[in-house]
Each structure stands twice: as structure tokens, then as C-alpha cells.
1. Which order do the peptides 141-152, 33-44 come out in when sorted by mean C-beta neighbours inside 10 angstrom, highest first?
2. Using θ = phi - 60° and the Karplus curve 6.51 cos²θ - 1.76 cosθ + 1.60, what whole-Hz ³J(HN,Hα) does each residue of region 16-28 get, with Gly and Pro shown as x?
3. What nm distance separates the two modelled labels at E140 and R184, each placed 7 Å from Cα along Cα→Cβ?
4. Using the Karplus curve 6.51 cos²θ - 1.76 cosθ + 1.60 with θ = phi - 60°, what ³J(HN,Hα) values do you get for each residue of region 116-129, in whole Hz, with x for Gly and Pro?
5. Can you give the local net charge around V114? Use residues other than it whose beta-carbon is closer than 11 angstrom to its beta-carbon, Lys and Arg +1, Asp and Glu -1.
6. Quick one: angle between helix 88-105 and the longest Cα principal axis of the chain, in degrees between 0 and 90, rounded to 10, please.
7. Through the Karplus equation 6.51 cos²θ - 1.76 cosθ + 1.60, θ set to phi - 60°, convert the phi angles of region 50-57 into ³J(HN,Hα) values in whole Hz; use x for Gly and Pro.
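What follows is calculated from the coordinates using simple rules that are stated; it is not laboratory data. Because the structure is predicted, anything quoted here is derived from the model rather than measured. When we count neighbours, we look across all protein chains shown, and the Cβ atoms used for this are built from the backbone with ideal geometry, even at glycine.
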Amino acid sequence: MTHTPPPGRPLRADAERSVRAILAAAERVLAETPGASMEQIAEAAGVTRTTVHRRFANRQALVDALATEAAAKLAEAIEDGRPETAPPLVALHRATANVLRVKAAWSFALGPAVAQSEQAARTHDAIAHRCVDLLARIREQGGIAADADLEWVRRVYYALIGEVMHSTDDAPPADADPDVLAARIVDTLLYGVGPRGTR
């Protein structure tokens, strides 16, 4: 997803490129220095400060756009897992690996320090509903207990993803692979940590 222009005023191709460059630079700079100025972001984007202010009225508007863009990338990652059509466990694994990649690339915009913009919040709500729907498919196939509270299962799933994102710096190199980490998350979510013989 790209920055959404006001109704009736589509961005020209060059303006669209500058917005993309500004958002990408903002993520890089703010992930390293959360208090970075608009001037620092402009420099990292290779544009003038005037260009940044022309696209974003102030720093908060830029952060809101960044949160919206990152949420859209997250939604795209979920959809790439084909949650409605792929075998549900395959969809869950693929979506999880995709989400880990997006969260790693957009660590500032998707981090706890960023208050969600209204548009980003709507996207995150839609993602949560998609997640519950996928978990319902898994429950229908016997992968989750019939009486399980799917909203609670979703919250546990989110917590596992959050724990992986917070702990990857200390994990062995092999565990940095999103597919390996996704397998660990899904396995823990569905089977817990008890001896396999008791499952």
C-alpha cells in the first residue's frame, strides 16, 4: 500500500516515489533513533525538508502515515498466506512467517511506541478478524479444541509472535529464519510444550 492522497488528487509518479522514499527512510531512521527530526528523515530519504513538509504536515502526520503503511504491509502478508483457500495449517504457517518478515522490516512502525492512526487501527482490527476466521478453520479440522475460545487463542498467538520478535537477538542464528520461527510458533500454539507422547 502507498500513501493515500486526498480524494480527487492522485499523486504524480514522482510524488509517489518521494513518499515511498520518505516512509522507507522514516522507518530506518526512527527504528534507530525514535526521536529523530524531520530534517534527519529528509536527509536519509535524499529529499529536502520542504519536500517532507509538503507531503506530511508535521512529524505526527508522518508517523501516522508510517503506521498506516506498515499495517497495510501486514495485511498483505496475511493475504499472501491464502487464509481462506489454502489448507488451514499451511495458511497459518505461511502467514506467520510473512508476518515475522514484515515485523522485522517495520519494527518502529509496528512497535509499541507508535500509537495507531485511525486507518491503521481499522486495518489491525480487520487482521484480527481474519486471524480468528483462520483459527476457526483449524478448529473445524480438529486442530484446536472444539470448546476453545478463539479470541483467547488469537491473543496467545499474537503473544508468541511478540515473544519471538523480542527475543530473536538472543536466538541461535538458525532460528532467525522466519520459517523456522513460524514452525516454532505454530507448534507451541497448537501443541504446547508438554511431552509429545501426551498429546
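1. Order by mean packing, descending: 33-44, 141-152.
2. 4, 5, 5, 5, 4, 5, 5, 5, 5, 5, 4, 4, 4
3. Using points 7 Å along Cα→Cβ, the separation is 3.2 nm.
4. Along region 116-129, the couplings run 5, 5, 4, 5, 5, 4, 5, 5, 5, 5, 5, 4, 4, 5 Hz.
5. -2
6. Once rounded, the angle reads 30 degrees.
7. The phi angles translate into 4, 4, 4, 5, 6, 8, 9, 4 Hz.
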